[in-house]
1. Where the second residue is among the small types (Gly, Ala, Ser) and the first is closer than 18 Å to C:Ala231 by Cα and lies in segment B:66-95, which pairs have Cβ atoms under 7 Å and are six or more apart or on separate chains?
2. Any chance segment C:261-270 includes a residue that's more than 9 Å from every other protein chain (Cβ to nearest Cβ), within 24 Å of C:Leu153 (Cα to Cα) and in contact (Cβ under 8 Å) with a residue 12 or more places away in the chain?
3. When only residues in segment C:345-391 that are among the β-branched types (Val, Ile, Thr) and not in a loop (DSSP other than H, G, I, E, B) count, which is farthest from A:Met143 (Cα to Cα)?
4. If you take the residues in segment C:11-32 that are among the small types (Gly, Ala, Ser) and more than 9 Å from every other protein chain (Cβ to nearest Cβ), which one is nearest to C:Ser322 (Cα to Cα)?
5. If I filter segment B:110-126 for residues that are more than 15 Å from the chain's Cα centre (by Cα), within 13 Å of chain C (Cβ to nearest Cβ) and at pLDDT 95 or above, do I get at least one hit?
6. Among the listed residues A:Ile239, A:Ile189, which satisfies the condition of being touching a Ser or Thr at 6+ places or on another chain (Cβ under 7 Å) and more than 8 Å from every other protein chain (Cβ to nearest Cβ)?
7. Would it be correct to say that C:Leu257 is buried (at least 22 other Cβ atoms within 10 Å of the Cβ) and either more than 7 Å from chain B (Cβ to nearest Cβ) or modelled with pLDDT under 95 (or both)?
Amino acid sequence: MKVALFIPCYIDQFYPQVGIATLQLLEKLGCEVIFPLNQTCCGQPMANSGFEHLNKDCDNNFVENFKDFDYIVSPSGSCTLHVKEHLHGSDEQASTHIRKHLYELSEFLTDILKVESLSVQFPHRVGLHQSCHGQRGLKLAQMSELVAKPFSKTEHLLNMVDGLSLMELDRKDECCGFGGTFCVTEEAISVKMGKDRISDHTRHTVEYITGTDVSCLMHLEGILKRQGSAIKVKHIAEILNG
Amino acid sequence: MSSREKILSAIKTNQPDYQELNVQFKFESVYENLYEKFAEMLSFVGGKAMEVNSYEEIKADVRLHYHDVTNIATTIDELSELADFSLNIADPHDLETLNLAIIEGDFAVAENAAIWVSEKQLPHRALPMITQYLAIVIHKSAIITNMHRAYERVKVNETGFGTFISGPSKTADIEQSLVIGAHGARGLMVYVMN
Amino acid sequence: MNNIKQDHASASTEFNKDEAHVDWHDETLWFVRSKRDKAVFQIPEWEQLREAGSQIKNHVLSNMHDYLVEFEKKATENGIKIHWAADGQEHNEIVYSIIKNEGVNRMVKSKSMLTEECHLNEFLKEKGVEVIDSDLGERIVQMRQEPPSHIVLPAIHLKRAEVGETFHQHLGTEKGATDPQYLTEAARQHLRDTFLSRKVALTGVNFAIAETGGFVVCTNEGNADMGVHLADVHIASMGFEKIIPKVEHLGVFLRLLARSATGQPITTFSSHFHKPRAGQKMHIIIVDNGRTKQLGRPDFRNSLKCIRCAACFNTCPVYRRSGGHSYHTAIAGPIGSILAPNLDMARNADLPFASTLCGSCSNVCPVKIDIHEQLYKWRQVLVQEGHVSSVKSLGIKSMSTILSSPSFYRTAGKLGRFLMKNSPFMTNNNLNVWYQHRDMPDVPKESFREWFIREKGGK
């Protein structure tokens with residue numbers, strides 16, 4: 001299966017190991033992975049700040065890079081959701097194609113590759129941070145607000161990892177406060193939300209916080225490091241890749 | 001142009017295209033035992049239910065629980081001997097000193113312990129709120145499942161006023177601490193007649 | 001409208017100076033959210049019920065004109081006098097004229113967010129009319145001369161000691177007393193005197209029924225009933241969006257409202273008014289105050305479906321940590337942030353940005369308003385209408401240029417990971433803002449792209 005990899009800009013620049021893990025994991029699972037070299041960004045930072053109208057060129061560049069693929073995979077729920085909801089390049093047909101064929105990594109592993117087992121181990125206590133855009137936007141897991149049957153694509157995958165104990169949290173799907181530009185325009189609340197998420201994980205003695213979004217993890221990692229905490233963050237791709 | 005015309009004309013211009021209403025909006029609630037569900041919910045909202053077989057039992061219970069209470073009024077003929085306070089007054093302000101009102105409820109809803117009382121049961125609208133304590137008598141056969149059934153049963157505009165009462169008056173406005181007896185009755189006893 | 005003292009971000013910074021208080025506020029409201037969860041999970045058809053509530057309201061929006069005309073006709077036949085107010089000012093003047101007509105100068109009022117929105121109390125005070133708010137929480141904030149911080153729990157920002165001090169000053173309770181039972185009893189006595197002595201009582205309206213010309217008022221305390229049943233005149237103020245078609249639809253809304261609000265199965269009193277009692281006068285004031293304009297905005301009109309349960313407040317991780325006053329508008333929280341820009345874009349331009357767009361608000365909304373999507377859309381409108389600072393615009397524009405061009409992006413990346421300085425979350429060169437409480441990520445020696453080209457030869 002031929003898969004195009006969409007690596008969001010901050011993963012490319014700051015967390016290359018997440019891109020590498022994603023690529024290796026997909027290859028291990030038998031995919032032929034293409035990385036279109038001229039990709040830049042999904043346009044979300046501008047759009048969430050109210051500047052969606054400036055995204056035409058960015059959207060066109062995205063379409064140009066990904067229009068020829070039937071599977072596009074990204075290790076970011078947030079960027080995936082943004083593209084799925086807002087990508088409108090000049091070529092609307094190609095844009096629609098991309099919106100329908102873009103998958104967040106754990107969604108792709110669960111729904112398309114139908115992964116049922118992985119031979120990796122991670123003998124640690126892990127807390128799952130459910131990123132809002134992945135969870136509520138892409139429905140990677142059932143949302144605590146809804147009266148509906150529980151499920152979780154991410155937990156399902158993490159449970160395949162040998163030795164990994166998933167720790168239960170008090171507030172299993174509360175936002176971490178990153179929120180794009182929110183993290184600086186509303187700095188006080190953003191930091192407080194992050195600290196409170198971390199306390200929840202700390203109370204439940206996790207060693208690693210994992211999740212589907214590097215943006216959230218970067219925010220949490222920033223606070224953890226400042227606190228001198230021993231808790232580390234790892235993107236789900238890094239754990240699943242072993 | 002009057003404000004009425006201005007508002008209505010702006011609404012006409014701005015409202016979206018007509019959208020039919022064809023969604024299911026009534027649902028069944030299934031409870032093994034309607035009385036037990038009602039009693040459980042009533043207790044949850046701070047009231048108390050008691051099954052009785054006769055008005056004599058109600059009298060005995062009132063005499064037991066409100067033995068030192070004066071200024072008791074009732075709208076129920078069978079209980080008139082408990083009353084020392086006449087509701088035959090013109091001004092509802094005269095209800096100010098009422099300590100216990102015993103009234104009839106039209107029917108009750110199991111899912112939320114709400115009891116419908118209207119001007120058919122109430123000589124004064126203020127009665128169930130102004131009294132210090134409230135007791136309502138309902139018939140067991142008049143407990144229904146949920147609010148959808150309730151609105152099928154009641155004609156809300158049969159009188160000028162009617163209300164669903166679910167438990168005693170309460171507030172949690174100070175630090176979310178529940179306090180029973182905000183402005184209305186400090187306690188609600190529901191006698192459920194078999 | 002007056003300029004605001006502080007925008008949401010500055011007010012939140014202020015609020016967060018006392019972290020223990022923020023923790024308490026957050027936990028208290030999360031407790032309410034948890035009670036809501038407990039209640040709704042007992043209703044297997046909950047999601048269908050939300051859909052029903054949503055569809056009924058959609059239908060009402062699409063037939064608003066006819067339903068209002070029907071409601072007016074039926075209510076008038078019931079002996080209720082209907083008034084129409086184009087804005088808050090006209091609403092307030094109508095209330096004043098009714099009070100004056102009765103020859104009195106005081107009134108008791110139960111909770112009505114509409115009157116907060118219209119600033120009725122201030123207006124009447126200037127006219128020499130004393131208004132006493134009878135909802136306990138509202139009475140507390142009224143004594144403190146503060147606005148409510150929450151539409152269902154007006155005094156939720158206060159601790160019991162603060163309430164105790166306020167009551168000591170205003171009601172003569174013992175100094176240092178903090179027992180909620182004792183304080184509530186003091187308020188009960190004080191407000192009972194008020195109920196017994198006021199000839200005019202005003203209430204809000206939760207639902208107005210077109211079919212019968214009646215309306216429903218929901219309270220837990222019984223304060224609306226105590227006020228109006230002892231008054232000669234009942235004034236009910238309603239935004240026109242409170243209308244519902246038929247009595248049978250109340251089944252849906254009364255099942256949704258209290259469970260969403262506080263986790264109760266229904267409010268203690270759900271009072272249905274159709275006619276004034278003998279000798280009493282009953283008025284309904286139907287208010288526009290910007291609602292027709294909102295109705296004309298396709299992206300935002302369904303905010304008018306709101307039934308004011310405040311579930312979106314309680315679940316909002318931002319609201320819980322910023323407090324209601326940080327929203328500087330009568331209706332705070334997520335719903336307030338999509339209602340307020342309609343009333344005054346310049347004044348409320350900060351509010352749609354006071355969200356992480358986490359989406360929890362839309363999930364708890366009993367009438368399925370797409371709150372977080374509207375927050376996103378308001379951001380676009382506010383930028384296009386020029387309500388976002390030019391500094392921010394400039395930063396975003398240069399970021400957009402970089403991210404639109406692959407070669408520029410690569411160059412910028414190589415030049416010391418351009419994101420460090422120009423990244424989305426660091427616009428305005430706000431690097432220091434991130435760094436205040438968070439470390440920066442370690443800078444890797446190569447980007448993913450560089451690794452890929454090195455490892456895979458760019459294929």
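1. From residues that are closer than 18 Å to C:Ala231 by Cα, the pairs are B:Pro92/B:Ala126; B:Leu95/B:Ala126.
2. There is at least one residue in segment C:261-270 that is more than 9 Å from every other protein chain (Cβ to nearest Cβ), within 24 Å of C:Leu153 (Cα to Cα) and in contact (Cβ under 8 Å) with a residue 12 or more places away in the chain.
3. Result: C:Val391.
4. Filtering first and then ranking leaves C:Ala11.
5. No: zero hits.
6. A:Ile239
7. Against the criterion (buried (at least 22 other Cβ atoms within 10 Å of the Cβ) and either more than 7 Å from chain B (Cβ to nearest Cβ) or modelled with pLDDT under 95 (or both)), C:Leu257 qualifies.
For (1) within 14 Å of chain C (Cβ to nearest Cβ); (2) modelled with pLDDT under 95; (3) over 14 Å from B:Ala108 (Cβ atoms), each residue gets a yes or a no:
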position	(1), (2), (3)
B:Leu42	yes, no, no
B:Asn53	no, no, yes
B:Glu56	no, no, yes
B:Lys59	no, no, yes
B:Arg63	no, no, yes
B:Tyr66	no, yes, yes
B:Ile72	no, no, yes
B:Ile76	no, no, yes
B:Leu79	no, no, yes
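The values are calculated or read from the model by the stated rules, or taken from the named source; none is laboratory data. Keep in mind it's a predicted model, so treat the numbers as computed, not measured. Don't worry about glycine lacking a Cβ; one is built from the backbone with ideal geometry, like all the others, and counts go over all protein chains shown.
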